[in-house]
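Contents: one structure, followed by commentary.
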Amino acid sequence: MNYTSQDLILSSFFGKVICEPNWKWNRADTPFADYDFWYVWDGEGEVILNGRHHHVRQRDCILFRPGDLTVASHNPEHPLTVTFIHFSIKGEASPLSLLPSLVSFDPSEFHEQCLNRFVHVMLAKAYGYEEESTMLLGLLLLMFERQSQTEQASGDHARHSLKRIMLDIAAYIMQNSGQQHSISDLAKQAHLSPRYFSLKFKEIMGQTIESFVIEKRIERATYLLRLGMTVSEVSEALGYRSIYFFSRQFKKVTGTNPSMIRP
């Protein structure tokens, strides 16, 4: 789906709040008139949406739509912290009606930064805030749709969790490309056996853990060489045991000598 500023109409009802101890909804007889994008940061609660019961907790996201009948409450000892964005859409028909009501967001979507940014932009009301806020809401709806497709395709919570773990490991490798990453250390970080970790990494990421580590080191090496560092400096910075080994590996991966990359 693609929503532009012409499609989405923002309202003055938005924010990030910790729900009061006695907070509850009782809209079983009063349907929603518009849309409400509702994300749970923390806490636990119960939502009955159009007769269907949901136990909601951290990273759950609910899209309330016109006509929805809702009853909700939460645990006062573990209150809900939520971001809510109330909006409407121009026109009568909306593709949002094709989406599920609830998804559980994968942290790798980085959706929480968008939620915080939306609230900050709407509060500041600086130049262009309406356009930026609408774009952020459109991005959040796109993420919601992508998450719903991922859940439908996998149909397996365990696999979904493994994918998140492997993405976290991949990000860690990229952030620490100068370190010597052993499979046993990475597997321990993922709380998996080395053999199972290696198998699942290749299955989910599409390449072996060994090739991924080398690929990210060479990508970082290329970037540093283009900044003007010497081959020797880059080899040392990325922890290679010798400049000759680094040069051979670089050429094997890229087909080019590292000395040819420098400006």
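The values are calculated or read from the model by the stated rules, or taken from the named source; none is laboratory data. Predicted, not measured: the structure shown is a model, and the values here were computed from it. Quick reminder, even Gly has a Cβ in these numbers, built from the backbone with ideal geometry, and neighbours come from all protein chains shown.
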The correct count of residues that are in contact with a strand residue (DSSP E or B) (Cβ under 7 Å, 6 or more places away or on another chain) and surrounded by fewer than 17 Cβ atoms within 10 Å (Cβ to Cβ) in the range 67-83 is 5
For the range 15-33, pairs from a residue that is in the same structural domain as Ser73 (by TED's automatic domain parsing) and part of a loop (DSSP other than H, G, I, E, B) to a residue that is surrounded by 13 or more Cβ atoms within 10 Å (Cβ to Cβ) and of a type in the set (Phe, Trp, Tyr), with Cβ under 8 Å and 6 or more apart or across chains, are Phe32/Phe64
The number of residues in the range 87-101 that are surrounded by fewer than 19 Cβ atoms within 10 Å (Cβ to Cβ) and under 24 Å from Asn26 (Cα atoms) is 6
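For (1) touching a residue at least 40 places away in the same chain (Cβ under 8 Å); (2) assigned to a helix (DSSP H, G or I); (3) assigned by TED's automatic domain parsing to the domain that holds Leu167, each residue gets a yes or a no:
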{"site": "Phe197", "(1), (2), (3)": "no, yes, yes"}
{"site": "Phe212", "(1), (2), (3)": "yes, yes, yes"}
{"site": "Lys216", "(1), (2), (3)": "yes, yes, yes"}
{"site": "Gly228", "(1), (2), (3)": "no, no, yes"}
{"site": "Gly239", "(1), (2), (3)": "yes, no, yes"}
All-but-one check, Glu44 against (1) farther than 21 Å from Ser104 by Cα; (2) surrounded by 14 or more Cβ atoms within 10 Å (Cβ to Cβ); (3) among the charged types (D, E, K, R), failing number (1)
The one condition Ser184 fails out of (1) surrounded by 15 or more Cβ atoms within 10 Å (Cβ to Cβ); (2) over 17 Å from Val253 (Cα atoms) is (1)
Of the conditions (1) among the hydrophobic types (A, V, I, L, M, F, W, C); (2) touching a Pro at 6+ places or on another chain (Cβ under 8 Å); (3) in contact (Cβ under 8 Å) with a residue 12 or more places away in the chain, the single one that Ala190 does not satisfy is (2)
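Are any residues in the range 250-263 buried (at least 17 other Cβ atoms within 10 Å of the Cβ) and either touching a residue at least 40 places away in the same chain (Cβ under 8 Å) or not in a loop (DSSP other than H, G, I, E, B) (or both), and if so, which ones?
Looking only at the range 250-263, we keep the residues that are buried (at least 17 other Cβ atoms within 10 Å of the Cβ), and these are 250, 258, 261.
The answer is Phe250, Pro258.
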Query - Ser108 vs. criteria in contact with a helix residue (DSSP H, G or I) (Cβ under 6 Å, 6 or more places away or on another chain), over 20 Å from Leu8 (Cβ atoms) and part of a helix (DSSP H, G or I) - result: yes
Cβ pairs under 8 Å, 6+ apart or interchain, first in the range 131-150 and closer than 19 Å to Phe84 by Cβ, second in a helix (DSSP H, G or I) and of a type in the set (A, V, I, L, M), ordered by first then second residue, are Glu132/Val121; Ser133/Val121; Ser133/Met122; Leu136/Val121; Leu140/Leu115; Leu141/Leu96
